[in-house]
Every structure is written in C-alpha cells, then in structure tokens.
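Structure, as structure tokens:
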Amino acid sequence: MELIIIFLAKYLPYILLAVFFVLFLKKINWSFLFVPLISALISRFVFTELIRFFYFRPRPFVEQGFVPLFEHDPTASFPSGHAAFFFALSAGVYSFNKKAGLWFFAASFLVGFARFLAGVHYFSDILGGAALGIFSFWLVEFLIVRFFKKTVDIEN
C-alpha cells in the first residue's frame, strides 16, 4: 500500500503532465496549452507562495513528529502546491474536453490524497490547493478572454 501512495504522490504528477502535452499535440491548440499551463504556474508559484509567505502552517510530519512516507523539506504546508497546480491544469483540460477533464480531476485528487496519506499535507491543504487552482484557472481564463475581446473590439 505504501508503494501505491508513493507512486501516486510522487510519480503520477509526471504522468499527468505528459498526458497533458500529448493532448496538446493531438489538438495543436495554443489556447489549450497556454491558458491551463499559465494558470497552473500562477496558482503554484504566485498564489500559493504568497499565501505561504503570510501564513506558515507546519507540515503534519513536522508538527506531529513522525517520518513521512517519502522525504520532504519542512516547508509550509498550506495550501498544497501540487493540488493548486494540478487542479488548475484539470480545470483547463475540462474546459476543452469534459471527459478528459474529469479524468484529470480524478487523478489530481489521487495525487493530493496520496500526499495527505503520506503525511506531507493535511487534508485541508489539499482542499485549499484545489480551490486555489480552480480559481486561478477561472481568473486567468476570464482575464485572457476579456483582454482578447477588448483587442478584437478595438480592431473592428
């Protein structure tokens, strides 16, 4: 069971990224690539880090004094950067392909839940990261669509 948790927490994210890029190559749609990817990156490296800067929550293995299933730095726990990144990516896939998006959401949940079971996150970290990721996709998509709509209106 521990090997499954480790696989889901550490290696499934790489598979998800590979599948995302395969879907892109299949569609060759630049908005399919950039909007989800930009929102995932902003969610993980801007919003998550901003929250962690103002609110430091120790990881469960640090706070409770146990050894997690895999080695992890004792950085801030909330929100989960993995959940933020992969739920933003999942929301993007869902906006282009509902069936594939549902699979991505399920896989993203498995990644987050496995990280909870491994002892590197609290479940609320995963939920916070998921909400942040979905919000990030919505925000980036809204701003990009609004920007391009204004650009098209100006040209006409």
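Normalised by the number of residues in the chain, the average gap of Cα pairs under 8 Å and 6 or more apart makes the relative contact order 32 percent.
Compared with the dominant Cα axis of the chain, that is its longest principal axis, helix 123-155 is turned about 10°. Taking all protein chains into account, the per residue accessible area for the chain stands at 58 Å² (1.4 Å probe). Measuring nothing but how far apart in sequence close Cα pairs (under 8 Å, 6+ apart) lie, relative to its length, region 76-156 scores a relative contact order of 42 percent.
Dipole size of the chain about its Cα centre, with +1 on Lys/Arg Cβ and -1 on Asp/Glu Cβ: approximately 420 debye, rounded to the nearest 20. Computed from Cα positions, the angle between helix 30-42 and the longest principal axis of the chain comes to roughly 40 degrees.
Within the chain, what whole-number % of the accessible surface is contributed by carbon and sulfur, with the 1.4 Å probe and all protein chains included in the calculation?
Here it works out to 73 percent.
For the pair region 1-37 and region 40-56, the centres of their Cα atoms are 21 angstrom apart. Seen against the Cα atoms of the chain and their longest principal axis, helix 81-96 is set at about 30 degrees.
Computing Kirkwood radius over Cα pairs in Å for the structure here picks out one of (i) 16.1; (ii) 24.5; (iii) 17.3, namely (i).
The shape of region 39-98 comes out oblate: with a ≥ b ≥ c from the C-alpha gyration tensor, a/c is at least 1.5 while a/b does not beat b/c.
For region 1-80, relative contact order (Cα pairs under 8 Å, six or more residues apart, normalised by length) works out to 29 percent.
Non-local lysine pairs in the chain, meaning eight or more places apart or on different chains, with alpha-carbon distances under 20 Å, amount to 4.
The values are calculated or read from the model by the stated rules, or taken from the named source; none is laboratory data. Note that this is a predicted model, so its numbers are computed, not measured. Cβ atoms come from the backbone with ideal geometry, glycine included; neighbour counts cover every protein chain shown. Ligands, DNA and RNA are stripped out before the accessible areas are found, and what is left, the full protein with its side chains, is counted by its heavy atoms. Shrake-Rupley method; radii C 1.70, N 1.55, O 1.52, S 1.80 Å.
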